[in-house]
Every structure is written in structure tokens, then in C-alpha cells.
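The values are calculated or read from the model by the stated rules, or taken from the named source; none is laboratory data. In this text, all values refer to a predicted model and were calculated from it rather than measured experimentally. Using ideal geometry, Cβ is built from the backbone for each residue, glycine included, and neighbour counts are taken over all protein chains shown. Ligands, DNA and RNA are stripped out before the accessible areas are found, and what is left, the full protein with its side chains, is counted by its heavy atoms. Shrake-Rupley method; radii C 1.70, N 1.55, O 1.52, S 1.80 Å.
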Amino acid sequence: MKKKTVGVIGCGKWGKNIIRELKKISHVKFIYDSKNNYHNCEKKIDWVFILTPDITHYKIARYFIKNNINVFCEKPLTTKINQAENLITLSKRYKTKLYIDDIENYKKKKIIIKNKLNYIIRTKLDSGNAKSLLDRLAYHDFYLLSKYINLKNIKLIKAVTKKKSLDFEIIFKNNQEFRFYYDIASNIRRHLINKVNLDNFNNNPIKDMLNTILYKKNNFKVNNLTALKCIKLIHIIKKKID
């Protein structure tokens, strides 16, 4: 199987993990950090991987899509709903593939959702503030729970923010209730959905995700719509906690 040629924009802490696995399964033609002028990079590539800060995603992704290059983008695709919708529309117009990181979907864990109250807990020692936890951590749980989310029928019944923690409760369709708790001032690293530990897995989810994107059939439409749903839900919650 011929290796895909890829380029990378961004090489931060998480980006280095992506780059390490990309080098094993593809031909990496360039790696630029966010300060380089990506307009001058090699255009003869199959995919570009955008691993830069959230606020830079829109302009960079738009540039490569309009140059007919497939785009993998770190989550969230953008922090603005209209920009995310625009990129999805552009990818269809230019017939390019667009994929937003959903690494948690590749951890081989069976999540059991209850009919009543469900608990999602994530704690770790990290930088940032309470509001940033929606884009950085809660986003992952939203796409894992996407099939339960109906944006036209949700009720946010609790939202408590502190300097380093976020606690909120949502009732989704069918009256299923989900309580989310995030804390980045904890020395204990946990990621639990109803006691299922998502930090305990035996496979290599980064490798599995990248292999699937580059070499296997994938439902890019579902990925795009799920990413858009997550961004919209985050906006709903942000309005509540502002």
C-alpha cells in the first residue's frame, strides 16, 4: 500500500504525539509551527494536519481546503458556529475530505448509558480555566454521547464554575440526565463515564484513528456533523455560565 503524503501545521505538546504516529504510517513532507507562513509550504500532499491553537483553525483549514487538500483538524474545528459551518460547506464544494479529531472514539471501551442519571468525571493537573474546559475536555464527552444529544430538546439545569473546575447537568432527549464534572486542579488523573475508565485502554487510539482516516473507509459526513453538534452545545452552555 502506497503511503500517503502529509504535511503538519503545529507541533505543540499534543501535536508531537500525532506527528510521532504519522511518521510511522505516512510520508511527512513538512512540519511547520504556528509561526511559520504556511502559504509557502509544499502543496503536493494528500492531507494536511492542523494541530495549532483553536483560534487559528479556521484560516488555515480554509486555505488548504481551497487548495484541494484533505484536512485533519484538531478539535474544536473552530470556536464559532458559522465558521465551522463554512468549512464543512467548503469541503463539499471543493470535494475534499475534512476530519475533526475524535480520538476517544478509538479507545476500545464499552460505555454503558443508564436511563436516568449518568456521571461523567474528568480530573487532572493542567493549565487553563473553567470555561476553557468545555472546548478542551467536555468536547470529547459530547461526541462520545452524540447519539443522545438533541439540541432542540435539552435542558441545562445546573452550571457551577470555579477557577479550575466546571460542574453542570443536562437533560437530553428521553429524559436521560447527564452530570459532567471537570477539575484541572487535581493530582488524580481520571476520565470516567459511569465508572468506565477511559484512561485505561490496551490499544493505540492515535495510530488507529490516523490509519482509519488515511487508509480506510470513513464516514466523514457523520464526523463533521457530530463536530458541529458539539460546538453548538458548547455555545449553549457558555451562554448559561457567562
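Looking at region 57-74, is at least one residue open to solvent by 70 Å² or more (accessible area, probe 1.4 Å), in a helix (DSSP H, G or I), polar (S, T, N, Q) and over 13 Å from residue 9 (Cα atoms)? No, every residue in region 57-74 fails to be open to solvent by 70 Å² or more (accessible area, probe 1.4 Å), in a helix (DSSP H, G or I), polar (S, T, N, Q) and over 13 Å from residue 9 (Cα atoms).
Is there a residue being charged (D, E, K, R), modelled with pLDDT of 90 or more and open to solvent by 40 Å² or more (accessible area, probe 1.4 Å) anywhere in region 177-185? Yes, region 177-185 contains a residue that is charged (D, E, K, R), modelled with pLDDT of 90 or more and open to solvent by 40 Å² or more (accessible area, probe 1.4 Å). A single member of 6, 28, 48 is of a type in the set (Val, Ile, Thr) and touching a Lys or Arg at 6+ places or on another chain (Cβ under 8 Å), and it is 6.
If you go through region 1-20 and pick out every residue that is outside any strand (DSSP E or B), among the hydrophobic types (A, V, I, L, M, F, W, C) and either more than 24 Å from residue 55 (Cα to Cα) or touching a Ser or Thr at 6+ places or on another chain (Cβ under 9 Å) (or both), you end up with 2. Restricting the first member to region 169-183 and to residues that are within 17 Å of residue 236 (Cβ to Cβ), and the second to residues that are in a strand (DSSP E or B) and of a type in the set (Ser, Thr, Tyr), the beta-carbon pairs closer than 9 Å and six or more apart or on different chains are 178/119; 179/119; 180/119; 182/123; 182/165.
Restricting to region 105-154, give me the number of residues that are of a type in the set (A, V, I, L, M), in a helix (DSSP H, G or I) and open to solvent by 30 Å² or more (accessible area, probe 1.4 Å).
Within region 105-154, the subset of a type in the set (A, V, I, L, M) is 111-113, 117, 120-121, 125, 130, 133-134, 137-138, 144-145, 149, 151, 154.
Restricting the remaining residues to those that are in a helix (DSSP H, G or I) gives 133-134, 137-138, 144.
Add one more test, that the residue is open to solvent by 30 Å² or more (accessible area, probe 1.4 Å), and what stays is 144.
Qualifying residue count for the region: 1.
In summary, residue 210 fulfils each of the numbered conditions (1) open to solvent by less than 70 Å² (accessible area, probe 1.4 Å); (2) under 17 Å from the mean Cα position of the chain (by Cα); (3) under 20 Å from residue 146 (Cα atoms) with the single exception of condition (3). Restricting the search to region 76-101, which residues are charged (D, E, K, R), closer than 22 Å to residue 236 by Cα and surrounded by fewer than 20 Cβ atoms within 10 Å (Cβ to Cβ)? Once the filter is applied, which keeps residues that are charged (D, E, K, R), closer than 22 Å to residue 236 by Cα and surrounded by fewer than 20 Cβ atoms within 10 Å (Cβ to Cβ), region 76-101 yields 80, 85. Scan region 21-30 for residues that are touching a residue at least 40 places away in the same chain (Cβ under 8 Å) and either part of a helix (DSSP H, G or I) or among the hydrophobic types (A, V, I, L, M, F, W, C) (or both) and the total you get is 4.
Pairs linking a residue in region 116-128 that is of a type in the set (Gly, Ala, Ser) to a residue that is open to solvent by 70 Å² or more (accessible area, probe 1.4 Å), with Cβ atoms under 9 Å and 6 or more positions apart or on different chains, are 128/136.
Inside region 222-242, residues that are modelled with pLDDT under 95 and either open to solvent by 50 Å² or more (accessible area, probe 1.4 Å) or over 17 Å from residue 138 (Cα atoms) (or both) make up a count of 5.
Scanning region 31-54 for residues being β-branched (Val, Ile, Thr), assigned to a loop (DSSP other than H, G, I, E, B) and either in contact with an Asp or Glu (Cβ under 8 Å, 6 or more places away or on another chain) or under 26 Å from residue 135 (Cβ atoms) (or both) gives a total of 1.
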